[in-house]
Structure formats: C-alpha cells, structure tokens
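The values are calculated or read from the model by the stated rules, or taken from the named source; none is laboratory data. Because the structure is a prediction, the values reported are computed rather than measured. Positions of Cβ are backbone-derived with ideal geometry, glycine not excepted, and every protein chain shown enters the neighbour counts. We work out accessible area using only protein heavy atoms, side chains counted, and drop any ligands, DNA or RNA first. Shrake-Rupley method; radii C 1.70, N 1.55, O 1.52, S 1.80 Å.
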Amino acid sequence: MKILFYDTKPYDKDTFECQLPHFPGIAIDFLKTDISPRTAPLAKGYDAVCAFVNSNLGKETLTVLEQCGIRLLLMRCAGFNNIDLETAKSYGMTILRVPGYSPEAVAEHAVALALTVNRHLHKSYIKVRENNFSLVGLMGFNLHRKTAGIIGTGKIGAATAKLFHGFGMKVLAYDLHRHPDLGFADYVELNELLSSSDLISLHCPLTDSTYHLINKDTIEKMKDGVILINTSRGGLIKTEDLILGIRARKFFGVGLDVYEEETKNVFEDRSDEILEHSVTARLLSFPNVVITSHQGFFTQEALDAIAQTTLSNAKGYETGNVVSGNLVNP
Ligand code: NAI
C-alpha cells in the first residue's frame, strides 16, 4: 500500500519511520504541504492519503481525491470535524482515525493550562527574566476544595476529571453518558455545572449540538472569577462572547489550546507576519488569557501511538480487518 502523507512535520516523519519496519508492504511518501483542492491531485497513483486535524477535507478536496482513485483517508488524529462526511460517504471512501491515542496527554495539558492561568506562570516567567521579582499581580487561588466542572466525560474528560480530583477538587460532570470510572464525580445538568464550578474544562466533541456551547448566555450563568479551559475544539466557544466576558471581568483566567481562528496558525511559524483582523491577537492582548497551539496531544507516547494505530488502520483496511471503533463512517 502506498500512502501519501500531507502536512508532514519533522516529528511526524521520525515517528512514522520508526514504526514502518513493523508494517511490511506499506510505503509512505511525505509531503510538507497540507492537503487542499490544489494539492490533492498529487495523490494520483497512491492507495491512501494521510491527513491531520486541521487539513482541508471539504467537498472540493474530496472530489479531487475521488478522481485520483483514493478510497481510504487515514486521519492521524481523533477529531474529524474537518471532513465533509456526506461527500466522503457518497464517494464510498473509508475514513479511519485514531480515537484514543493518549487521553492523558490532552488531560495533562488541560491541567497545565489551568495551573498556568491560575498561578500566572506566563507572567512570572517573563517578569523574573527581567529581574522583576515582585509578586504583585501574581496571586492565584487553591484548587484544593474548589469545584471542577468537566463538560464531556469521555476518554479525555475522564482523565482530566481524575487529575483535578487528585488536587482535592470536587468534580461535577456533564455528559449524555456516565463514565464508569468516575464514581467520585457528581453528574449534574449543564446549568448547575456552569453556576457551581470554579474551573470549567471542555472535553466534548464539536457537533451541531455543541457548536458555541459557551456563549453569552452560558457565560452569564458561570461564577464570577471562573477559570475556563478549552482543549477540545475552538467552535465550542463563541469567541466574540468570550471576549465580551473577559472584558466584563467574568474570568479569573482562560486557557485555550484550541480556538475558532486557529486553522491558519496551527503548527505554523507566523512570527514575522502582521495578523490582520485577528481575534487571536485580541485574545492574546488580555493578561489572563493563555493560548497554546493545539499541542494537547503532543507527547512522545501519543505520537508513537498515533503512528502505530494509523499504520495498523492501513494494514487492517488492506486485509479486511478494520477495527470498527476506528472507523469514522461505519
Ligand atoms: P470521547 O468520544 O471519548 O468523549 C467525548 C464525550 O463527549 C463522550 O462521553 C460524549 O458522550 C460526550 N458528548 C458528546 N456530545 C455531548 C454534549 N452535547 N454534551 C456533553 N457531552 C457530550 O472523545 P475524547 O477522546 O475524550 O476527545 C474529546 C475531544 O477532545 C475530541 O472530540 C477532540 O475535539 C478533542 N481533542 C483535542 C486534542 C488536542 O490536542 N487538543 C487531541 C485529541 C482530541
């Protein structure tokens, strides 16, 4: 099987090449460019393409891939809201993903963001480098005995709930399904979670029903001085409303690994560019907001698991032994 790999970063190439010897019969060509209607024709002659979480897999791209004879999309990520599933289905394309490569990687990053905004580590790092050892403006609050609200208690939400529980926090949870490991958490209605939590962490997927789940109304229901963390998907938060909430001093801190405008930024070095009309720049102007660049998944263990599962998915497709849980479109 010949796979064309789009949007390759050096760490992708390293980890996939490490795993390749365990998958004889699979060959990969690595492209730096990401997939788009213009670059999709390069897939002609390949059996599958491998793409990532922010790749453009809309109707136009899929149509070109279909014309190139591609029937298999290998997503080296968990999320798939960037794919036009109806179009893929109409072309009979199989989409395989890596649903749970390392929930702990993302959960630990959510906690890192919460601790950073709570204890102002982003500020103190810079202050101390400038020989400013004053503590003014750096006061946080104990997480111990406070309440963490976890929205979405699947694999990552559950791992995050366990970590916050380990800090001695009371854990409130909101999900359509209860997670069997979270006996310590109280499942409540969304409104109760919003109004009772000192820290809210988002872990549900982006769907029609969760799009802009955090908006003017839901922000109003939150406690004053709440910490909000999003490591799930940018579209869960209506950014304009978040900015209004930040200006109204609603939040103690906001930690975002994902945000609505991220697609152009993610994994790119734009340090020499002037960002025009940018909500990213507006968010970054607030002292109590910390943004990271969709790096929640980015640990060695997670990358190894992603490469291993992606190549197993390719092998499974070839041999007719697909793991059904990895199918995006069963
Ligand atoms: P999962 O499928 O194990 O869990 C998602 C949970 O959300 C499920 O329990 C589901 O019942 C719940 N849910 C669905 N709709 C809901 C709603 N309307 N209200 C409340 N709960 C709802 O997924 P997993 O692996 O925990 O991943 C969660 C999300 O994390 C992914 O969808 C993805 O967007 C994001 N993610 C972020 C990464 C990063 O690097 N920042 C890396 C991997 C995933």
Taking a 28 Å limit on the Cα-Cα distance, which of the listed pairs LYS32/LYS123; LYS123/LYS146; LYS127/LYS264; LYS9/LYS59; LYS170/LYS264 fall beyond it?
LYS32/LYS123; LYS127/LYS264; LYS170/LYS264
Protection proxy (average C-beta count within 10 Å per residue), highest first, orders 154-164, 179-189 as 154-164, 179-189
Using the crude model of +1 on Lys and Arg Cβ and -1 on Asp and Glu Cβ, and no other charge, please compute the dipole size for segment 31-153 relative to its Cα centre, in debye to 20.
420
Measuring from centroid to centroid over Cα atoms, what is the spacing of segment 133-170 and segment 240-316 in Å?
20
How many Å² of accessible area per residue for segment 209-277, probe 1.4 Å?
51
With θ set to phi - 60° and the Karplus curve 6.51 cos²θ - 1.76 cosθ + 1.60, what are the ³J(HN,Hα) couplings of segment 209-222 in order, to the nearest whole Hz, using x for Gly and Pro?
7, 9, 4, 6, 4, 9, 9, 3, 5, 6, 5, 4, 6, 6
Non-local amide H neighbours of LYS223 (under 5 Å, H modeled in plane, Pro and chain starts lacking H): which ones?
SER197
Can you quote the Å³ per residue value for the convex hull of the Cα atoms in segment 240-292, rounded to an integer?
83
Efficiency of FRET from Cβ geometry, ASP29 and LEU244, R₀ 51 Å, rounded to 0.05:
0.60
What dipole magnitude, in Debye to the nearest 20, does segment 181-307 give about its Cα centre under +1 on Lys/Arg Cβ and -1 on Asp/Glu Cβ?
480
From the phi angles alone, apply the Karplus equation (6.51, -1.76, 1.60; θ = phi - 60°) to segment 314-330 and give each ³J(HN,Hα) in whole Hz, x where the residue is Gly or Pro.
5, 5, x, 5, 5, 9, x, 10, 6, 6, 4, x, 8, 6, 7, 10, x
Could you tell me which of PHE298, ASN56, ILE95 has its Cα farthest along the dipole of the chain towards the positive end, charges placed at Cβ (Lys, Arg +1; Asp, Glu -1), taken about the Cα centre?
PHE298
Quick shape check on segment 8-90: root eigenvalues a ≥ b ≥ c of the Cα gyration tensor, a/c under 1.5 is rounded, otherwise prolate if a/b tops b/c, else oblate, and it reads prolate
Let me know the charge dipole size of segment 14-87 about its Cα centre in debye, to the nearest 20, where only the beta-carbon of Lys, Arg (+1) and Asp, Glu (-1) is charged.
80
Show me, for segment 32-49, the HN-Hα J-couplings you get by feeding each phi into the Karplus relation (A = 6.51, B = -1.76, C = 1.60, θ = phi - 60°), rounded to Hz, glycine and proline as x.
6, 5, 8, 7, 7, x, 6, 9, 4, x, 5, 7, 4, x, 9, 9, 8, 10
Would you kindly find the accessible area of CYS18, with a 1.4 Å probe and non-protein molecules such as ligands, DNA and RNA excluded, rounding to the nearest 10 Å²?
100
From most to least accessible, 1.4 Å probe, no ligand or DNA/RNA atoms counted, SER209, SER102, SER195 line up as SER209, SER195, SER102
So for the chain, taking the charge dipole from beta-carbon charges (+1 Lys/Arg, -1 Asp/Glu), which of VAL328, THR210, LEU284 sits furthest toward the positive end?
LEU284
Please label the shape of segment 60-203 as rounded, prolate or oblate, based on the square roots a ≥ b ≥ c of the eigenvalues of the alpha-carbon gyration tensor (a/c under 1.5 means rounded; beyond that, a/b larger than b/c means prolate, else oblate).
oblate
Helix 103-119 against the longest principal axis of the chain: what's the angle in degrees, Cα atoms only, rounded to the nearest 10?
30
With a sphere of radius 12 Å drawn around the Cβ of ASP198, what net charge do the other residues whose Cβ falls strictly inside it have (Lys, Arg +1; Asp, Glu -1)?
+3
Spin-label point model (7 Å from Cα, Cβ direction): what's the LEU121 to VAL323 distance in nm?
3.1
Calculate the tail of P(r) for the chain: the fraction of all Cα-Cα distances greater than 35 Å, expressed in %.
26
Name the aspartates and glutamates eligible as straight-distance cross-link partners of LYS250: C-alpha to C-alpha under 16 Å, and not fewer than 8 places from it in the same chain.
ASP198, ASP217, GLU220, ASP224, GLU240, ASP241
